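To keep things clear, I will list the structure first and then write my remarks on it.
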Amino acid sequence: MADILNISSVLEGKRVLVTGHTGFKGSWLSLWLMNLGARVGGYSIDIPTQPANFEVLGLADRMVHHVGDVRDLGQLSDVFESFAPEVVFHLAAQALTRLSYDIPQETFHTNLLGTVNVLECIRNCDSVRAAVMVTSDKCYRNNEWVWGYRESDTLGGKDCYSASKACAEIASRAYMESFFDTSEAPGIATARAGNVIGGGDWAVDRIIPDCVRAFSTGEALEIRSPSATRPWQHVLEPLSGYLCLAAALLSKGSGVAGESFNFGPSHEAERSVDQLIREFTQTWPGGRVEITPDGTDGKAEAKLLRLNCDKAESVLRWHKVLPFAQTVEMTASWYKAYYDGDADMFELSSRQIVEYTNQAAEGSLPWAN
């Protein structure tokens, strides 16, 4: 078991670089790091959606904001040299499964070459002490088993997004064993998380953003697979795992360097898409729902994907905090506040992080105490 410290005491004052900081998860992670007292820098190619959580929270004026492509090694190296990060979170990616059918080459270039470039920059940057390389639960060869995938299970992917994330895992493993396998090297680990929801996500082809777009305009909500089942979790759940993992990596001798970790909820949090929508409408009543047959466009997605998170609980003493109903309520209330137009979304989001952390502390999770 790793020696798990309070994430605030470990990360306060650290220079932390987040790739993909303008994205949904990246913006929430950047906000949380700021609240922990870290000096946060970001590197991202663009603002991925309109609206975008990054802009809603006004993060560009609160952090060191770099615009750049992870496929550009020279530009990325310049940012590493100028910012001199002590901790790196790599989240930059082409993150949509269905989009990977339209842009397969770009998906591989971004998710594989981008990961290799970040690893290369870490290898050549003396300031880096720890790095969390975020991939995806879809990096596993998915046989749609009824049991959860463990970190030692076979990697794979039937679509280009999933395969690109498996490739990123393999590349990370090669760098870990080739360059980061000494006591003087920075601690590197990979993190795999399942489906996340939360305020501030406006990506295409995701069920909650689709709900929000439909409910805010009065249009019909189109869903492809109402019976598709996922272990839904709030975005703060895996982010707490990433932060916990980074804190452990900064503690030499923790035994987590070179490892991979799943971060997801227990099977009790599994709900179908239809059940998720019904729960969402308890906070934000919606309109009509129309079902579009799945697979008619040739862009098939997995119906069932479970993670086994025993390793994270055993080694990092991490587990999910929020029950399903609270996960959905926090998400819906965030969007309602945004569309009502009266709330300070930076303050509201920061308050959700504090409330989540307090709930984790009440549950005696060491990272929050």
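Backbone geometry of region 93-98 corresponds, through the Karplus equation with coefficients 6.51, -1.76 and 1.60 at θ = phi - 60°, to 3J(HN,Hα) couplings of 6, 8, 9, 10, 4, 5 Hz, x marking Gly and Pro. Each Lys or Arg adds one and each Asp or Glu takes one away; over the other residues whose Cβ falls under 9 Å from the Cβ of Ala220, this sums to -2. Annotation for region 133-236: GluC sites (Glu not before Pro) lying in DSSP loop with at most 15 further Cβ atoms inside 10 Å of their Cβ are Glu144, Glu184, Glu219. The calculated Kirkwood hydrodynamic radius for the chain is 20.6 Å, given to one decimal from all distinct C-alpha pairs. Extension gain, Gln105 to Val354: 0.36 nm times the residue separation minus the Cα-Cα distance gives 85.6 nm. Taking 22 Å as the limit for the C-alpha separation, the pairs Lys14/Lys165; Lys158/Lys311; Lys158/Lys320; Lys25/Lys138; Lys252/Lys320; Lys138/Lys320 exceed it in the case of Lys14/Lys165; Lys158/Lys311; Lys158/Lys320; Lys252/Lys320. With a Förster radius of 35 Å applied to the C-beta separation of Thr182 and Ala84, the computed FRET efficiency comes to 0.95. Measuring nothing but how far apart in sequence close Cα pairs (under 8 Å, 6+ apart) lie, relative to its length, region 7-368 scores a relative contact order of 17 percent. Calculated mean residue ellipticity, 222 nm, the chain: -12000 deg cm²/dmol, from DSSP H runs (n ≥ 4) at -39500 (n - 2.57) each, averaged per residue and rounded to 500. Under 11 Å from a point placed 7 Å out from the Cα of Ala174 along the Cα-to-Cβ direction: which residues of region 73-113 have their backbone N that close? Flagged as within label range: 113. Free of any chymotrypsin sites (Phe, Trp or Tyr not before Pro) that DSSP assigns to a loop and that have at most 16 other C-beta atoms within 10 Å, the longest stretch within the chain is 148-369. Comparing Asp78, Asp342, Asp46 in a Gaussian network model of the chain, where Cα atoms under 10 Å apart are tied by springs, the biggest mean-square fluctuation is seen for Asp342.
Every number here is computed from the coordinates shown, using simple stated rules; none is lab data. Please read all numbers here as calculations on a predicted model, not as lab measurements. Positions of Cβ are backbone-derived with ideal geometry, glycine not excepted, and every protein chain shown enters the neighbour counts.
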